[in-house]
Amino acid sequence: MANDHAYAALMGDLVRSESSEAIEALHDHFNNAVDRQNDERRPALASPLTITLGDEFQGLMISFLDAVCAARTMRLELLGHGIECRFVIGAVSLRTPLNDQRAWNMMGPGLGAARAKLNDKRSSSLYRFSFPTDPLLERLLDAIGASLTAIERRWTETQRSDVLAALEGLSATDIAAQRNVSVHTVYKVQRSGELDLYMTQWHAVREALAAMDRKSGGA
């Protein structure tokens, strides 16, 4: 039985995993990140994030906004362990029944396009998007994704930690107290980590995907 609901595919692939010297640790961190999103975002999952190979996963989510938030959370968690993972968020309409136990054995428009985007290793961006029926939106989101990736790759560990704390809602005063430094120091770290630009770009991505959810009937 066909399922015409529009889903948000979320796919991920570890970068250069085959050259890692600590495969066991890499495997553990990757599995933990996937499991954590399945636990924390259970209501948002149509088909759970499922590891299809040792270094790849895929799943279907109810909304594009949930999918990109899951991707960013996983990205920053893995980044804390020095691991890079590329992500694709794509629009999918199933022509086969939804498998709500494992993200396997499903077919429909959009799945192939998202998979092809994930397998395209020419781009260095870690946030990519697949909207075959809206190529302009896809290009714009890809451009923002490339910029977000570039900012993240420039972060020092302190910048990453302070940005992550800000994303979790902590104020500069809260962060300063945690690190036993001045508020001025926190602001300086946030400026050098391009927090304002980073948040502006993420806000644009979230607004665009929220609009896609409203258009497609997602959450």
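Every number here is computed from the coordinates shown, using simple stated rules; none is lab data. Predicted, not measured: the structure shown is a model, and the values here were computed from it. Glycine gets a Cβ as well: all are built from the backbone with ideal geometry, and neighbour counts include every protein chain shown.
Between the listed residues Asn180, Leu170, Thr149, the Cα displaced farthest toward the positive end of the dipole of the range 142-186, a dipole computed from Cβ unit charges relative to the Cα centre, is found at Asn180.
Charged neighbours of Ala146, selected by a Cβ distance under 15 Å, balance to +4 (K, R count +1; D, E count -1).
Across every direction, the projection of the convex hull enclosing the Cα atoms of the range 23-124 has a mean area of 6.5 nm². Note that the range 160-169 has calculated 3J(HN,Hα) couplings of 4, 5, 6, 5, 4, 4, 5, 5, 7, x Hz, one per residue in order, obtained from phi through the Karplus relation 6.51 cos²θ - 1.76 cosθ + 1.60 (θ = phi - 60°); glycine and proline are x.
Below 13 angstrom from the Cβ of Leu10, what's the summed charge of the other residues (Lys, Arg +1; Asp, Glu -1)? Taking every Cβ under 13 Å from that of Leu10, the sum is +4. Note on Arg36 and Leu136: with the Förster distance fixed at 35 Å, the Cβ-Cβ geometry gives a FRET efficiency of about 0.55.
Over all alpha-carbon pairs in the range 71-119, figure out the percentage whose distance exceeds 13 Å. Considering the range 71-119, 66 percent of its Cα-Cα pairs are separated by more than 13 Å. Computed extension gain for Met107 through Ala143, at 0.36 nm per residue and net of the alpha carbon distance, reaches 10.1 nm. Fully extending the segment from Ala25 to Ser216 would add 64.8 nm, taking 0.36 nm per residue of separation and subtracting the current Cα-Cα distance. Distances between every pair of Cα atoms in the range 61-219, grouped in 10 Å steps from 0 to the bin holding the largest one, split as 10, 36, 32, 16, 6, 1 percent. Seen against the Cα atoms of the chain and their longest principal axis, helix 195-216 is set at about 20 degrees. Springs between Cα atoms under 10 Å define the GNM used for the chain, and in it the highest mean-square fluctuation of Arg41, Arg206, Arg191 occurs at Arg191.
In the chain, the longest principal axis of the Cα atoms and the axis of helix 135-154 are about 30 degrees apart. Look at the Cα gyration tensor of the range 141-219: its axes a ≥ b ≥ c give a/c of at least 1.5 with a/b over b/c, and that counts as prolate.
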